[in-house]
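Engineer: Input: one structure, supplied below.
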Amino acid sequence: MSKKQATGKGNRHADDPLLGYHSLPGIADEMLDIDGQVRPVWRHLLSAIGRMDEADLANRFARADRYLRDAGVFYRAYGTKETTERNWPLSHVPVLIDEAEWQELSKGLVQRAELLERIAADIYGTNRLVADGFLPPSLVASSPEFLRPMVGIVPAHGHFLHFCSFEIGRGPDGGWWVLSDRTEAPSGAGFAIENRVATARAFSDVYAETHVHRLAGFFGAFRDTLQARKEHPDDRIAVLTPGLANETYFEHAYIARYLGFMLLEGEDLAVVNDRVMVRTVAGLKPVSVLWRRLDAAFADPLELNGASRIGTPGMVEALRAGSVSFVNALGSGILETRALLSFLPRICRHLLGEKLVLPSTATWWCGQKAERDHVLRNIEKMVIGPAFSTRPFFDDNGQSVLGASLRDTARTTIADWLLTDGTKLVGQEAVTLSTTPAWVDGRLTPRPMSLRVYVARIGDGWRVMPGGFARIGAGVDATAIAMQAGGSAADVWIVSDRPVERTSLLSAEENFTRNLPGSLPSRAADNLFWLGRYIERAEGALRILRAWHGRFAEQANSEMPLLKDITDYLADLEVDTKQPVPDSLIVNINSALYSAGNIRDRFSADGWLALNDLARTARKLQATVEAGDDTTRAMTILLRKLAGFAGLVHENMYRFTGWRFLSIGRYLERGLHMTSLFRHFSGEDAPDGAYDMLLEIGDSVMTHRRRYNVNTAALTVTDLLVLDPLNPRSILYQLNEIKTEVEQLPDAIVNGQMSPLYREAMRLHAGLAVMTPEMMNAEVYVRLEGDLGEISNLLAVTYLG
């Protein structure tokens, strides 16, 4: 490609937006047919873009980016020093493919999925492919993806594969080939949906006028298939995730929420009598279908990787018993082995009796003499890489090298290297990926592209997702396609010449069933409980700090008795008043964010956005504000944002079991906060102004003025903030709400008997309800703090263990 072509000059013309592409046939191969003419499927979009000025396009792209940010779409980038969450890198111009071409491509994808299914069944079954010479024994036995304990285990319902993806590329001649097969735990399908939503917002007018096949029907059909795999009506279906630290965790949570499945980690599960059970707040509940998103070797530390801390002991035994279905079967990662590509054409003719419709990247396994000699003779045209890699050459973290860059050394020669390590190496033909238009620096610019496409088992057949997502290179180098290397992702539109069905996941049927109650996983309940506690802990600190800095702004003397007393109190809580926005406050907010992140499948986009906004604002204020009035205003800003988050949760969260754990966490922490304050100020030596500050911290100044016709006094403040059942800031109010919520938890009353937790909540509420202000003293508050701590302990033992 010439320098002029690489820059994309001449792509936009006021009179004819397509003129640049006619005159530069090497630009954006994806748009051009074999005659160098713009494919008809692209003309409407390009014409529309040609009529838009740069300001209009910038606004459209900003709208798409804003949607992705608001929805919290991210992927996790792994660096040498730290792991960070990054915004999803959308390439705003979609890739368009004509429906007729897609149908032909789909035939090859379906054939390939069925071929891989047959190979998996043979490798873990009769092993005839090795016995009959179609696969070298070492290629199977030496693969780290081959799981020997799975040999002889026939999956429930008889299928090894249920959901596959393929990385495919188009050559400059227009032909498609497969770069890699993804069968272990294919990722990206959820991101494809978000790409579609964001791109449709950028080009809403064009999208509405174009007959683009929808994605919802594909996911709805797959969901229904998995529902049919359940052994019993009360069985659960779940997405099994490695956890929050995984690079595609957002997608795991998104898919679970989108399809209405549970999102579980290995620690949520237990195998009891060869059945997989999920630990819930209502006890163990059966799970019969797991959409696996963690690597197979980590699924069972008992029989697979003994170092795994994210698996479930006994999982393989449950598979032997046929009590659980996996998407996909453990051990299916061996099908991703790069060296396997060289054997697929012959195996396809043997197993399916037909030619491989969609060819793979030309691959030679160097463990065989003829193939090794071929690679050596054509080394200048080859990419040499690890035979057992499960990633294409442009996405294997630099493990592959261009043959043209290799030179003999004094120590060894290339031939010796291939001979010595041949069983561990493959040679692959260096491919040139076609390009697609991307918006770069204010113009359409060609960038190399690969497509990730998906097939799902629907019933006993296969269905291809009408789209997928395209990985777009950061530059002209195809090795920069990977996200970790700076690549981006584009939506893929499959365009028909006639109207398409507009499907939805929402069922039109009148008959429906509600999910069974009590299916909240214990880990999710734990995170909801601590989310409530961390949020309330942050609010309590904010209110105290605002009161402290408000008085400091008036007196400018941190040694005045009241301020010094509060400083000492906060120091015991590891809150430093010398910091306008203390580190401990940031820690509490970040802890709330972490707890929410662990339950993304149960958390609304609005709530997530509000919590992130609170965290960002707190970090920003920490770096800018000074003590005194400036900090008072900063605390007010944070309190308003926190109140906004609390309001979203209160108004929008469904009153299911999870809501109760979140609420109990908040009530418990608020009760502890007020009890601790009153314990500190309960003595006769309380400094002047202490009770006025308590009213301010308890947001009850106006209420006190209305209810009591006297000045602030210890008894009136105690009555209002400790014993008033109608004041949402009082300790008694918190205890009443805790009692009410605990009563609604599973098994709070069994056969007329109260659970220990419910009994303690009742006792604690009744004990405080009969008290008078005169009876409250430091000893009572100390005992009350201990009792509230016991409530937390009983809750953990009863439901969160």
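Engineer: Quick one: ranking Glu790, Glu30 by accessible area, 1.4 Å probe, largest first, what do you get?
Structural biologist: On the way: Glu790 75, Glu30 0 Å².
From most accessible down to least: Glu790, Glu30.
Engineer: Working out 0.36 nm times the residue gap between Asp630 and Glu559, then minus their Cα-Cα distance, what length gain in nm do you get to one decimal?
Structural biologist: Values: separation 71, 0.36 × 71 = 25.56 nm, distance 1.94 nm.
Extra length from Asp630 to Glu559 when fully extended: 23.6 nm.
Engineer: Here is a follow-up. HN-Hα J couplings of the stretch 450-463 from phi, Karplus 6.51/-1.76/1.60, θ = phi - 60°, integer Hz, Gly and Pro as x?
Structural biologist: 10, 10, 10, 10, 10, 10, 10, 7, 10, x, 9, x, 10, 10
Engineer: Which value, in Å² rounded to 10, gives the accessible area of Asp173 with a 1.4 Å probe and all protein chains present?
Structural biologist: 120
Engineer: Just going by the charge dipole of the stretch 193-337, with Lys and Arg at +1 and Asp and Glu at -1 on Cβ, which of Tyr207, Leu290, Leu263 is farthest out on the positive end?
Structural biologist: Farthest along the dipole direction, towards plus: Tyr207.
Engineer: Can you list the aspartates and glutamates whose alpha carbon is less than 15 Å from that of Lys641, not counting same-chain residues fewer than 8 positions off?
Structural biologist: Reachable aspartates and glutamates: Glu536, Glu539, Asp606, Asp613.
Engineer: Sticking with this one: Note down the accessible area of Lys641, probe 1.4 Å, to the nearest 10 Å².
Structural biologist: Surface accessible to solvent at Lys641 totals approximately 60 Å².
Engineer: Another question, then. Keeping every protein chain in place, order His680, His92 by accessible area at 1.4 Å, biggest value first, i.e. largest first. Display every interim value, and only then the final one.
Structural biologist: On the way: His680 60, His92 30 Å².
Reading off the accessible areas and sorting them downward yields His680, His92.
Engineer: Could you let me know the centre-to-centre spacing of the stretch 520-561 and the stretch 345-365, using Cα atoms, in angstrom?
Structural biologist: For the stretch 520-561 versus the stretch 345-365, the Cα centre distance is 64 Å.
Engineer: Let me ask you something else. Given the C-alpha centroids of the stretch 694-767 and the stretch 153-214, what is the distance between them in whole angstrom?
Structural biologist: 54
Engineer: Any chance you could look up the accessible area of Tyr708 with a 1.4 Å probe, heavy atoms only, rounded to 10 Å²?
Structural biologist: It works out to around 40 Å².
Engineer: Among 190-201, 546-557, what's the highest-first ranking by average C-beta atoms within 10 angstrom per residue? Before the final figure, lay out each step's value.
Structural biologist: On the way: 190-201: 22.1, 546-557: 17.5.
For the peptides 190-201, 546-557, the packing ranking is 190-201, 546-557.
Engineer: Compute the angle between helix 54-70 and the longest alpha-carbon principal axis of the chain, please, reported from 0 to 90 degrees and rounded to the nearest 10.
Structural biologist: That helix lies at roughly 60 degrees to the long axis.
Engineer: A follow-up question, please. Would you rank Val375, Val464 by solvent-accessible area, highest first, keeping every protein chain in place and using a 1.4 Å probe?
Structural biologist: Details: Val375 0, Val464 20 Å².
Accessible-area ranking of Val375, Val464, largest first: Val464, Val375.
Engineer: Using Cα pairs closer than 8 Å and at least 6 residues apart in sequence, work out the relative contact order for the chain, in percent.
Structural biologist: On the way: 1395 pairs, mean separation 112.0, N = 801.
Relative contact order comes out at 14 percent.
Engineer: Residue by residue through the stretch 418-426, what is 3J(HN,Hα) from phi via Karplus (6.51 cos²θ - 1.76 cosθ + 1.60, θ = phi - 60°)? Round to whole Hz and write x for glycine and proline.
Structural biologist: 5, 6, 5, 10, x, 5, 9, 10, 10
Engineer: Considering only Cα-Cα distances, which of the following residue pairs are longer than 30 Å: Lys107/Lys369; Lys355/Lys381; Lys285/Lys739?
Structural biologist: Values: Lys107/Lys369 34 Å; Lys355/Lys381 26 Å; Lys285/Lys739 26 Å.
Lys107/Lys369, as the Cα separations exceed 30 Å there.
Engineer: Just order 381-387, 650-656 by mean Cβ neighbour count inside 10 Å, highest at the front, would you? Before the final figure, lay out each step's value.
Structural biologist: Working: 381-387: 21.1, 650-656: 11.6.
So the order, starting with the most tightly packed, is 381-387, 650-656.
Engineer: Oh, and also: Could you size up the charge dipole of the stretch 132-251 around its Cα centre, putting +1 on the beta carbon of Lys and Arg and -1 on that of Asp and Glu, and report it in debye to the nearest 20? Could you put the intermediate results ahead of the total?
Structural biologist: Numbers: 10 positive and 15 negative charges, 36 e Å.
The calculated dipole for the stretch 132-251 is roughly 180 debye.
The values are calculated or read from the model by the stated rules, or taken from the named source; none is laboratory data. Computed from a predicted structure; not experimentally measured. Quick reminder, even Gly has a Cβ in these numbers, built from the backbone with ideal geometry, and neighbours come from all protein chains shown. Quick note on the areas: whole protein, heavy atoms, side chains included, nothing else; ligands and nucleic acids left out. Shrake-Rupley method; radii C 1.70, N 1.55, O 1.52, S 1.80 Å.
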